[in-house]
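Asker: Pasting in a structure now, in structure tokens, and then I'll have a few things to ask.
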Amino acid sequence: MKNVVITGASRGIGFETTKLFLSDPTINVIAISRNIAPLQALAKEETVGNRLTCVAMDITNEDYSSLEIALEPFDTIDILINNAGLLINKSFKELTKSDWQQTFNVNLFGVSQLIQHLLPKLEKTAKAHIVNIGSMGGFQGSSKFNGLSAYSASKAALACFSECLASELIEFDIACNCLCLGAVNTEMLQTAFPGYKAPLNSNEMAAFLVDFSQNGHRFFNGRVLPVALGNPG
Ligand SMILES: NC(=O)c1ccc[n+]([C@@H]2O[C@H](COP(=O)([O-])OP(=O)(O)OC[C@H]3O[C@@H](n4cnc5c(N)ncnc54)[C@H](OP(=O)(O)O)[C@@H]3O)[C@@H](O)[C@H]2O)c1
């Protein structure tokens, strides 16, 4: 069995990715978000059996006790997908210090905190893979859009962090890559670009993530990869 941890699993891309992983009977999923009601409903489906562990947790919170308890049955983690994200759409003039702090707390500090926490179980796996979900907004040289400066800056930081981390984790045989997603139809996209229809739905991006997280580290490590069809999506 493979053990997969994914954050931001309650809706959008994370929810569809969790669902798709669970269609493979050789995979256990430990799914994290603050609201776990949609995941609890998923857990009741017969085909899921007891392979879904739902953890109600804010990744920015320093109390990881609920996650520790949930992870007790699992000695190793094969894949960690840091998918949880926060986007505040405000002009630079309007952004408050708290907006900046919240954005970086979720999109960067929460990610690094969770990785540090999970490292002992990732180290025990032969070739574990950390996939950080970035954004085209944070991809160097990409088009930039008004209202997204804090979000895009946080995703750019996540991209650089992923490159640095990959280098430090080579000795533990853990790969780390950052995928810079283009537009996908989710609640977050509507916050960023109200009324915009993206060329991709969450289930389509989920199919890519399920495949990349299991196979991409045979070909890539320390890479910041654009996963986008156009501009913004
Ligand atoms: N959709 C796009 O077009 C697009 C484009 C580029 C990049 N991305 C990236 O793709 C990822 C998924 O995006 P999405 O569009 O699916 O977003 P979404 O629909 O807004 O979902 C975000 C998920 O993150 C979780 N989350 C947020 N803050 C959290 C926290 N503090 N602790 C734990 N979980 C938290 C939310 O769950 P709770 O509220 O239940 O905690 C939710 O499950 C994000 O990293 C986003 O930046 C998306």
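Asker: What pairs from Lys93/Lys144; Lys93/Lys155; Lys90/Lys121; Lys90/Lys155; Lys121/Lys144 go past 27 Å between their alpha carbons? Could you put the intermediate results ahead of the total?
Answerer: Working: Lys93/Lys144 16 Å; Lys93/Lys155 20 Å; Lys90/Lys121 39 Å; Lys90/Lys155 16 Å; Lys121/Lys144 38 Å.
Violating the 27 Å limit, Cα to Cα: Lys90/Lys121; Lys121/Lys144.
Asker: Just the accessible area for Asp173, please: 1.4 Å probe, Å², rounded to the nearest 10?
Answerer: 70 Å²
Asker: At q = 0.08, 0.17 Å⁻¹, what is the base-10 log of I(q)/I(0) for the chain according to the Debye formula with one equal point scatterer per Cα and no solvent? Please give it to two decimals.
Answerer: -0.26, -1.29
Asker: Report, in debye and to the nearest 20, how large the dipole of the chain comes out about its Cα centre when Lys and Arg carry +1 and Asp and Glu carry -1 on their Cβ.
Answerer: Values: 17 positive and 21 negative charges, 136 e Å.
So the dipole magnitude of the chain works out to roughly 660 debye.
Asker: Note the per residue figure in Å³ for the convex hull of the C-alpha positions in the stretch 1-130.
Answerer: Values: hull volume 13.7 nm³, N = 130.
Dividing the Cα hull volume of the stretch 1-130 by its residues yields 105 Å³.
Asker: Sort out for me the Cα centre separation of the stretch 15-79 from the stretch 134-187, rounded to whole Å.
Answerer: Comparing the Cα centres of the stretch 15-79 and the stretch 134-187, I get a distance of 24 Å.
Asker: Another question, if that's okay. Identify the GluC sites (Glu not before Pro) of the stretch 58-147 meeting these criteria: DSSP loop state and at most 12 other C-beta atoms within 10 Å of the C-beta.
Answerer: Numbers: sites: Glu62, Glu68, Glu94, Glu123; in loops: Glu62, Glu94.
When the GluC sites (Glu not before Pro) of the stretch 58-147 are filtered for loop state and at most 12 Cβ neighbours within 10 Å, Glu62, Glu94 remain.
Asker: Counting only protein heavy atoms and using a 1.4 Å probe, what share of the accessible area of the chain belongs to carbon plus sulfur, as a whole percent?
Answerer: Taking all protein chains in place, the chain shows 53 percent carbon and sulfur surface.
Asker: Name the shape class, rounded, prolate or oblate, that the alpha-carbon gyration tensor gives for the stretch 136-203, where a ≥ b ≥ c are the square roots of its eigenvalues, rounded holds for a/c under 1.5, and otherwise prolate holds if a/b is larger than b/c and oblate otherwise.
Answerer: Prolate is the answer for the stretch 136-203, as a/c is 1.5 or above and a/b outweighs b/c.
Asker: Further question on the same structure: Can you give the net charge of the other residues whose Cβ lies under 14 Å from the Cβ of Asn61, counting K and R as +1 and D and E as -1?
Answerer: -3
Asker: Now for a separate question. I need to check one value: relative contact order of the chain, counting alpha carbon pairs closer than 8 Å and at least 6 residues apart, in percent.
Answerer: About 20 percent, as a whole number.
Asker: Another question, if that's okay. Which chymotrypsin sites (Phe, Trp or Tyr not before Pro) in the stretch 18-118 sit in a loop by DSSP (not H, G, I, E or B) and have at most 12 other Cβ atoms within 10 Å of their own Cβ?
Answerer: Listed in order of number, the matching sites are Phe92.
Asker: Over the chain, give the accessible area per residue in Å² for a 1.4 Å probe, as an integer. Write down the numbers at each step before the final one.
Answerer: Details: 11010 Å² over 233 residues.
Heavy-atom SASA per residue in the chain reads 47 Å².
Asker: Among the chymotrypsin sites (Phe, Trp or Tyr not before Pro) within the stretch 119-213, which fall in a DSSP loop and have no more than 15 other Cβ atoms within 10 Å of their own Cβ?
Answerer: On the way: sites: Phe139, Phe145, Tyr151, Phe161, Phe172, Tyr196, Phe208, Phe212; in loops: Phe139, Phe145, Tyr196.
Answer in residue order: Tyr196.
The values are calculated or read from the model by the stated rules, or taken from the named source; none is laboratory data. Since this is a predicted model, take the numbers as computed values, not measurements. We place every Cβ from the backbone using ideal geometry, glycine too, and count neighbours over all the protein chains shown. With ligands, DNA and RNA removed, areas are computed over all heavy atoms of the protein, side chains included. Shrake-Rupley method; radii C 1.70, N 1.55, O 1.52, S 1.80 Å.
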